[in-house]
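None of the figures in this text is laboratory data; all of them are computed from the coordinates on show. The structure presented is a predicted model; accordingly, all values stated were derived computationally and were not measured. Glycine gets a Cβ as well: all are built from the backbone with ideal geometry, and neighbour counts include every protein chain shown.
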Amino acid sequence: MKTSVAGQDTRARLITAAEQLFAERGVDAVSLNEINRAAGQRNASSLQYHFGDRAGLLKAVMDKHGPDVDARRDVLLQQYRDAGQADLRALAAALVLPLAAKLSDPDGGREYLRTYAELVNRPDPQFDVLMNEVIGTGILTGALFSATGNAGNVNIAANTLSITGNSGSERGPMAAAMAAMSRSMSPGS
C-alpha cells in the first residue's frame with residue numbers, strides 16, 4: 001500500500017506533536033485527541049488510522065530515531081571488538097554516546113530522549129514488549145556479551161541504565177532484562 005504525500009505529511013506531524021507533548025508532560029498525561037489537535041488534524045480518527053493506538057504511536061516515535069542510534073552504537077561496538085581488549089569505557093560509550101548524540105538533533109532529538117528515558121525506566125509490563133522491540137534489548141545485551149564474553153560487563157551496563165533512570169527502586173525493562181541475562185550467564189547458573 002502506497003502512502004500519499006499528504007498522508008506522509010500527516011503522519012510526520014502526528015509524530016512531531018506526540019514527541020513534543022510526551023516530552024513536556026509524559027506519555028500517560030497526554031490524550032490522543034490532544035496530539036491530533038496539536039498536529040492540526042481535524043479528523044478525530046487520524047491518529048488511529050496511522051498508528052492504531054498509543055503503543056503504535058510510541059513505536060513510531062522510537063522508530064524515527066532508532067536507526068540513527070543503532071547505527072552509531074553498531075560502529076562503537078565494532079570498534080570495541082576490533083580493539084580486541086576488554087574496555088569498560090568503550091562499552092559504556094557504546095551505550096551512552098549514541099543517545100547523547102540526539103541532544104544535538106533538531107528534529108525531535110531532545111524530545112525523543114525524554115520519552116525514551118520515561119519508557120526505559122517504566123516497571124510497567126505493558127511497555128516491556130514495545131521497548132524490547134524498539135530498542136532491541138536482546139540485540140544490545142547479546143552484542144555486549146559477545147563483545148566481552150563477560151556477564152559482569154552486561155550487569156554493569158544494566159546498573160548504569162538503572163542509575164541514569166528514575167530514583168525509584170524499580171528498574172525499567174531494559175535494565176532488568178540486562179541484569180537477568182547477566183545472572184543467567186553467571187557461573188553456577
Put in order of increasing Cβ neighbours within 10 Å, starting from the fewest, His50, His65 give His50, His65
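For each of Phe22, Phe51, count neighbouring Cβ atoms within 10 Å of the residue's Cβ, then give the residues from fewest to most.
Working: Phe22 25, Phe51 21.
By the 10 Å Cβ count, ascending, the order reads Phe51, Phe22.
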Listing Ile35, Ile15 by rising number of other beta-carbon atoms within 10 angstrom, fewest first, gives Ile15, Ile35
For the stretch 1-46, the fraction of alpha-carbon pairs in successive 10 Å shells from zero, as %: 29, 50, 18, 2
Taking the Cα centroid of the stretch 65-115 and of the stretch 10-54, what is the distance between the two, rounded to the nearest whole Å? 27
